[in-house]
1. What's the center-to-center distance, using Cα atoms, between the range 108-140 and the range 1-61 in Å?
2. Comparing ASN207, ASN72, ASN84, which has the greatest mean-square fluctuation in the GNM of the chain with Cα pairs linked when under 10 Å apart?
3. Could you tell me which GluC sites (Glu not before Pro) in the range 140-221 are loop residues by DSSP with no more than 16 other beta carbons within 10 angstrom of their beta carbon?
4. Once both labels are modelled 7 Å past Cα along the beta-carbon direction, what's the LYS2-GLU176 spacing in nm?
5. What residue among ASP211, ASP97, ASP64 has the largest mean-square fluctuation in a Gaussian network model of the chain, using Cα springs under 10 Å?
6. My understanding is that a pair violates if its Cα-Cα distance is over 20 Å; which of LYS8/LYS85; LYS34/LYS85; LYS2/LYS148 do that in this structure?
7. Residues of the range 129-153 with amide nitrogen under 19 Å from the 7 Å Cα-to-Cβ point of ALA196?
8. For the range 82-220, give the share of DSSP beta bridges that are antiparallel, in percent and rounded to the nearest 5; count only bridges with both residues there.
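Taken together, the values in this text are just the output of simple stated rules run on the coordinates, not laboratory data. Nothing here was measured: the structure is a model prediction, and the numbers come from that model. Cβ placement follows ideal geometry from the backbone for every residue including glycine, while neighbour counts extend to all protein chains displayed.
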Amino acid sequence: MKYDNITKGRFISRPNRFIATAEIDGRTETVHVKNTGRCRELLIEGCDIWLTAPGSPGRKTVYDLVTVRKSNGLLINIDSQAPNKVMLEWLNKQDYDRIVTEYTYGSSRIDFYIENAGERILMEVKGCTLEREGTGYFPDAPTERGIKHIHELIKAREEGFRAVLAFVIQMKGVTEVRPNTDTHPEFGKAWDEALAAGVEICFYTCNVQEDGFEIEGKFSV
């Protein structure tokens, strides 16, 4: 996945979860943050950031903030819409019989329904942007929606689907994701319930660049 255009800037502040102020070419701009998570360990005053200008009519902001250089040197994509895009690109290379996006199951929209040689697969995708000492963690903020999706996957597994909870790691060099029980203990409990029920938990490693990223490999719990 590549962004059409990319501009380097410097992060100044984040007044709320939707917008930030940034210095771009010597001027201060209000920009849209494409991630409503906390990102406190990433968005630190003075850090290098990369932005794209989608050019959509009627926008209040010209730029979207999509990539950050963390203080430890890691380049991290924080675009919350990107994991599904790169996953679809990856799935389309796997020669599956059928792929459906935003599949309605129970009371949820599951990211992907896949058919392969008679097998039915439901896959929910989560993007991981939180890193500590070389390990990824999810979530970076409490997510009742994430727990709901796990419960739907457990139900799907009981009904004969192959159920997959997939983490797209939005940084290079990290191969494992763990539940962030410090922030959301209930998510850790749901994670354990999913494994016990036969839900597959997979980690997708990525090559992240300033102007986009792609899936490179896959690991499983």
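1. Cα centroid of the range 108-140 versus Cα centroid of the range 1-61: 25 Å apart.
2. Ranking ASN207, ASN72, ASN84 by mean-square fluctuation puts ASN72 first.
3. Numbers: sites: GLU144, GLU152, GLU158, GLU159, GLU176, GLU186, GLU193, GLU200, GLU210, GLU214, GLU216; in loops: GLU159, GLU176, GLU210.
Qualifying residues, ordered by number: GLU159, GLU176.
4. 3.5 nm
5. For the chain, modelled as a Gaussian network with Cα springs under 10 Å, the answer is ASP97.
6. LYS8/LYS85; LYS2/LYS148, as the Cα separations exceed 20 Å there.
7. Within reach of a label on ALA196: 147-153.
8. On the way: 23 of 39 bridges.
Restricted to the range 82-220, the bridges split so that about 60 percent are antiparallel.
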